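The values are calculated or read from the model by the stated rules, or taken from the named source; none is laboratory data. Remember, predicted model here, so these are calculated numbers, not experimental data. Every residue, glycine among them, receives a Cβ derived from its backbone with ideal geometry; neighbour counts consider all protein chains shown.
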Amino acid sequence: MNMNEPLPLVSKLAKRNYLRKYGMLTAFLLICLVLSLLTPGFFSIQNTTIILRQVSINGILAIGVTFVIISGGIDLSLGSVVAFTGVVAALFAHPGEYPLIIALGMAILAGLAIGGVNGLAVTRGKVAPFIVTLGMMTIARGLALLASDGRPVTGLSDSFNYIGGGSVLGVPIPVLIFGAIILLSSFILNKTRLGRYLYAVGGNEKAAYASGIRVNSVKVLSYMICSGLAAIAGIVLASRITTGQPNAGLAYELDAIAAVVIGGTSLSGGIGSIGGTVLGVLLIGVINNGLDLLNVSSYYQQIIKGAIIIAAALIDRKK
C-alpha cells in the first residue's frame with residue numbers, strides 16, 4: 001500500500017477545517033483590503049469610528065438573536081421592540097421629570113416583558129417561533145404608535161441624549177456599550193451553565209430534556225435576553241436621534257439575523273458563537289460603508305446584502 005495515498009484526503013480535511021474556522025475572517029480581511037485600495041480614506045480613524053458607531057445598534061441586536069437561534073428559535077420582532085422601547089425610554093426622559101435610571105429601567109423592563117411573552121407562547125402555547133414573533137412584530141409596533149400617539153417623542157434630557165451622542169476618550173458610548181455586551185455575552189455562552197444548556201437545547205431538544213435540562217425555561221430566557229438587548233438598542237437609537245420614534249427600527253431584524261447567519265450560527269440551532277456574530281456584523285457594516293464611499297446606489301446595496309444572506313444560508317445548509 002502506498003503510504004502517500006491518504007495525503008490528499010488529509011489535505012482536503014485540513015482545507016475544510018481552515019475554511020470552517022477562518023473562512024469568514026479571511027473574506028472579511030480581503031473585503032477590507034479591496035475597499036482600502038478603492039477608497040484611500042477607508043482605514044482612517046474617522047471612518048473606522050463611523051463604521052463602529054453605525055454597527056453598534058445592529059451588533060447589539062445580532063448578539064441578542066444569537067441566543068435565540070442557538071437555542072433553536074427565531075425572533076422577527078426585534079425592529080418593533082427597538083421602536084417600542086425607544087418610545088418608552090423617551091417618555092420618561094424629559095428634563096426634570098424622572099431620573100435617567102427610570103427611563104432606562106422602564107425601557108429594559110418593557111423589552112424583557114415582550115421577550116417573556118414570546119418565550120411563553122413558543123414553549124407553553126406550542127406555537128412556531130416564526131408565527132409568534134411575527135405577531136409580536138405587529139403588536140410591538142402598534143404599542144409604539146399607541147404610546148406615542150403616533151408622533152415622535154421629543155424634548156429629551158441632555159443626559160439621555162449623551163448615551164447615543166457622547167464619547168469617552170474619543171470612543172463613542174454606543175461602541176463601548178456594544179463592547180461590554182460582547183464580553184458579557186461571550187462569558188455567558190462559554191463559561192456558564194445557561195450557555196451550555198442553550199447549545200444542548202438547540203442541538204437536540206429531546207436529549208436535553210432527557211438529561212434533566214428545563215428546556216422551556218432555557219428557551220424563555222433566550223427570548224428575554226434577546227428582547228432585553230433589543231431594548232438597549234432601542235435606548236441607544238432613541239438617544240442617538242434624540243427622539244423616541246415609533247416608526248424606527250424598520251427591518252432591523254433582517255440585518256441582525258443576516259449578521260448571525262453570516263457569522264456561522266446555524267439556523268438549525270446548537271452551533272454558533274458571539275465572535276462569529278460580531279464578525280458578521282462588521283462584515284455587513286464594512287460592506288455598507290464601502291459601498292457608500294463608492295457612491296453605489298442603496299438599491300444595489302439591498303441586492304448585494306440579500307445575495308450575501310442567501311449565500312451564507314446555503315453554506316450553512318451544506319455544512
With the first residue restricted to the range 276-299 and required to be over 13 Å from Ala258 (Cα atoms), and the second required to be surrounded by 14 or more Cβ atoms within 10 Å (Cβ to Cβ) and among the aromatic types (Phe, Trp, Tyr), Cβ contacts under 8 Å at 6 or more apart or on different chains are Val286/Phe28; Asn289/Phe42; Gly290/Phe42; Leu293/Phe42
Can you find a residue that is in contact with a Leu (Cβ under 9 Å, 6 or more places away or on another chain), among the hydroxyl-bearing types (Ser, Thr, Tyr) and not in a helix (DSSP H, G or I) anywhere in the range 37-53? yes
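Table: residues versus (1) under 20 Å from Ile74 (Cα atoms); (2) surrounded by fewer than 13 Cβ atoms within 10 Å (Cβ to Cβ); (3) among the aromatic types (Phe, Trp, Tyr); (4) out of contact with any helix residue (DSSP H, G or I) (no Cβ under 6 Å at 6 or more places or on another chain).
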{"position": "Val88", "(1), (2), (3), (4)": "no, no, no, no"}
{"position": "Pro95", "(1), (2), (3), (4)": "no, yes, no, yes"}
{"position": "Pro99", "(1), (2), (3), (4)": "no, yes, no, yes"}
{"position": "Ala110", "(1), (2), (3), (4)": "yes, no, no, no"}
{"position": "Val117", "(1), (2), (3), (4)": "yes, no, no, yes"}
{"position": "Thr123", "(1), (2), (3), (4)": "yes, no, no, no"}
{"position": "Ala144", "(1), (2), (3), (4)": "no, no, no, no"}
{"position": "Ile163", "(1), (2), (3), (4)": "no, no, no, no"}
{"position": "Leu169", "(1), (2), (3), (4)": "no, yes, no, yes"}
In the range 77-99, anything under 15 Å from Leu156 (Cα atoms) and not aliphatic (A, V, I, L, M) is listed as Thr85, Gly86, Phe92, His94, Pro95, Gly96, Glu97, Tyr98, Pro99
When (1) surrounded by 18 or more Cβ atoms within 10 Å (Cβ to Cβ); (2) outside any helix (DSSP H, G or I); (3) of a type in the set (A, V, I, L, M, F, W, C); (4) out of contact with any Phe, Trp or Tyr (no Cβ under 9 Å at 6 or more places or on another chain) are applied to Val127, the one that fails is (1)
Picking from Ala258, Ala231, the residue that is of a type outside the set (Ser, Thr, Tyr), over 20 Å from Phe187 (Cα atoms), out of contact with any strand residue (DSSP E or B) (no Cβ under 9 Å at 6 or more places or on another chain) and without any contact (Cβ under 8 Å) to a residue 60 or more places away in the chain would be Ala258
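This table checks each residue for (1) modelled with pLDDT of 90 or more; (2) within 16 Å of the chain's Cα centre (by Cα); (3) among the basic types (Lys, Arg).
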residue: Pro8; (1), (2), (3): no, no, no
residue: Lys12; (1), (2), (3): no, no, yes
residue: Gly41; (1), (2), (3): no, no, no
residue: Ser56; (1), (2), (3): yes, yes, no
residue: Val68; (1), (2), (3): yes, yes, no
residue: Leu76; (1), (2), (3): yes, yes, no
residue: Ala103; (1), (2), (3): yes, no, no
Checked Asp292, Asp255 against criteria (of a type in the set (Asp, Glu) and surrounded by 21 or more Cβ atoms within 10 Å (Cβ to Cβ)); the one match is Asp255
The residue that is modelled with the highest pLDDT, considering only those in the range 295-319 that are of a type outside the set (A, V, I, L, M, F, W, C), under 22 Å from the mean Cα position of the chain (by Cα) and loosely packed, with under 11 Cβ neighbours inside 10 Å, is Ser298
Considering the range 208-227, residues that are over 16 Å from Arg124 (Cα atoms), of a type outside the set (A, V, I, L, M) and modelled with pLDDT of 95 or more, and then whichever is surrounded by the most Cβ atoms within 10 Å (Cβ to Cβ), we arrive at Ser227
For Gly72, the lone unmet condition from (1) among the small types (Gly, Ala, Ser); (2) in a helix (DSSP H, G or I); (3) more than 30 Å from Val153 (Cβ to Cβ); (4) out of contact with any Phe, Trp or Tyr (no Cβ under 9 Å at 6 or more places or on another chain) is (2)
Cβ pairs under 7 Å, 6+ apart or interchain, first in the range 86-105 and on the phi > 0 side of the Ramachandran plot and in contact (Cβ under 8 Å) with a residue 40 or more places away in the chain, second crowded, with 22+ Cβ neighbours inside 10 Å and of a type in the set (S, T, N, Q), ordered by first then second residue, are none
Only one of Gly244, Gly264 is farther than 14 Å from Leu61 by Cα, buried (at least 19 other Cβ atoms within 10 Å of the Cβ), in contact with a strand residue (DSSP E or B) (Cβ under 6 Å, 6 or more places away or on another chain) and not basic (Lys, Arg), namely Gly244
